[in-house]
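See structure below.
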Amino acid sequence: MKEMPYKTYLEESEMPKAWYNVRADMKKKPAPLLNPKTLKPITKEELSSVFCEKLAEQEIDEDNAWFDIPDAVLDFYKMYRPAPLVRARFLEKALGTPAKIFYKFEGNNTSGSHKLNSAIAQLYYAKEQGLKGVTTETGAGQWGTAVSMAGAFFGLDTEVFMVKCSYEQKPFRREVMRTYGAKVTASPSMTTEIGRNINEKYPGTSGSLGCAISEAVEAAASKEGYRYVLGSVLNQVLLHQSIIGLETQSALKKLGVKADVIIGCAGGGSNLGGLISPFMGEKLRGEADYRFIAVEPASCPSLTRGTYAYDFCDTGCICPLQKMYTLGSSFIPSASHSGGLRYHGMSSILSELYDQKLMEAVSVTQTEVFEAATLFARTEGTLPAPESSHAIRIAIKEALRCKEQNSPETIVFGLTGTGYFDMYAYQAFHDGRMQDYIPTDEELAEPIKRLPVING
Ligand SMILES: *Cc1c(COP(=O)(O)O)cnc(C)c1O
């Protein structure tokens, strides 16, 4: 019998030609986005003042299952995709599990994560619309890097508001962005009204993602020919990220393997949503069954301890209201080392799937995550991003359950990126200085009291 390959690549010609919109197969759809002023479902026209037109269209379309990937985007994808589906044989061996473990590796590009999949799509539509440039925010820096790369490719201006603590802690991330031509500003800044207000109210603040979003939206709105782009949470981002799941689905088919458990880390939900969408589609249509597991940090547990309600996506309360599992837009998570997972809310698609019990969620602490990251690096060779290592932790847990139950299941998880810019985090772990912070019920109750009144 032929051995199963270590890595499975699709041929270029086998790459998906269209993105998949899982909302089309959901019987009960996610609740609509609301205009923050009128509290009525937001229209495409209203959304188009913030986002590019085509992206506004994708954002509210819950009926069309497939969107053609534009040729220019497909060509760009070919520079770093298809991404490999890797069999984690050495990890399996170290665990002594009868389970097969696969991971879909999205760290094969300079930005170091899956975020480039959506950045290139969003910048393409901005270019097509004849815009001059885009503004955005970045927390840990992966999204800002991805937008800078995509902006350079299409010759568009990019202005990135980088959360101040990252701006100071990750100077190399900042310089990568500047290499691609981006203007990088520490947030809160003095260049926007919201930034000045926050600086006045909280002198010396190290910033937050919600605040940087507000600044970027304001900066886009105040300049002719600019729009705002966002790297997670939104429906359009999950749509673009479906390329991850579609490739995974084709690669598994090629191997003749069916997944049983599919796992991903969840910040705003884009990589997990993208990975599971095509499989969730099969489940929703009654063609196959899977277990889906979202893994979030115990320090920012929006699914496992949040409230399902309408909330703002940003601190400045200018973005549309979205119904989602949220900790409240005024919740400021503790300074964790997984910057990409420090967001108060969750994609409305994933929130609805979770609410319908079609997906599970668990939370894990930082030290557990770095134990898993270290084992993974030592067995599989790849240095994982802290965010991705949340998924590794639960993949290992599932594999050990399979060992206990002598159950040869197939586990697939998303390895969203590499950890080269996260060595301070690894250092804290190695030196035994890493702390686990789990918010108390009282701390979580406060921001929930400040949810918008629309929730009744
Ligand atoms: C941003 C990021 C995440 C989390 O974002 P999602 O939108 O939840 O996917 C996970 N891993 C990496 C490497 C990231 O950069």
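The values are calculated or read from the model by the stated rules, or taken from the named source; none is laboratory data. Since the structure is predicted, the reported quantities are computational estimates derived from the model, not experimental observations. When we count neighbours, we look across all protein chains shown, and the Cβ atoms used for this are built from the backbone with ideal geometry, even at glycine. Surface areas here come from the heavy atoms of the whole protein model, side chains and all, with no ligands, DNA or RNA. Shrake-Rupley method; radii C 1.70, N 1.55, O 1.52, S 1.80 Å.
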Query raised in the report: Which one is nearest to the ligand (Cβ to nearest atom) among residues in the range 275-299 that are of a type in the set (A, V, I, L, M) and over 29 Å from Q366 (Cα atoms)?
Result: L284
Query raised in the report: If you scan the range 220-255, which residues turn out to be on the phi > 0 side of the Ramachandran plot, in contact with a Cys (Cβ under 7 Å, 6 or more places away or on another chain) and not aliphatic (A, V, I, L, M)?
Result: none
Query raised in the report: Taking the range 35-61, which residues are over 20 Å from Y124 (Cα atoms) and basic (K, R)?
Result: K37, K40
Requested in this report: From R285, R291, grab the single residue that is of a type in the set (K, R), surrounded by fewer than 24 Cβ atoms within 10 Å (Cβ to Cβ) and closer than 23 Å to A372 by Cα.
Outcome: R291
Report task. Kindly indicate whether any position in the range 76-84 is on the phi > 0 side of the Ramachandran plot, of a type outside the set (S, T, N, Q) and surrounded by fewer than 14 Cβ atoms within 10 Å (Cβ to Cβ). Result -> no
Requested in this report: Working only within the range 217-254, note down all residues that are more than 16 Å from the ligand (Cβ to nearest atom) and within 23 Å of E53 (Cβ to Cβ).
Outcome: V217, E218, A219, A220, A221, S222, K223, E224, G225, Y226, R227, Y228
Report summary line: Turns out the strands (runs of 3 or more DSSP E) fully within the range 98-188 with at least 1 residues that are polar (S, T, N, Q), modelled with pLDDT of 95 or more and not assigned by TED's automatic domain parsing to the domain that holds A266 are 133-138, 157-163, 183-187
Requested in this report: List the number of the failed condition for S189; all other conditions in (1) within 20 Å of the chain's Cα centre (by Cα); (2) under 16 Å from E218 (Cβ atoms) hold.
Outcome: (1)
Query raised in the report: Out of the range 141-155, which residues are open to solvent by 20 Å² or more (accessible area, probe 1.4 Å) and more than 16 Å from the ligand (Cβ to nearest atom)?
Result: A152, F153, F154, G155
Report task. Answer yes or no: is there a residue in the range 305-317 that is buried (at least 24 other Cβ atoms within 10 Å of the Cβ), β-branched (V, I, T) and within 16 Å of the ligand (Cβ to nearest atom). Result -> no
Query raised in the report: Across the range 260-274, what is the number of residues that are surrounded by 19 or more Cβ atoms within 10 Å (Cβ to Cβ) and more than 16 Å from the ligand (Cβ to nearest atom)?
Result: 1
Query - Selection count, the range 1-58, where residues are surrounded by fewer than 18 Cβ atoms within 10 Å (Cβ to Cβ), of a type in the set (A, V, I, L, M, F, W, C) and part of a strand (DSSP E or B) - result: 1
Report task. Consider I448 carefully, then state whether it is closer than 17 Å to A88 by Cβ and in a helix (DSSP H, G or I). Result -> no
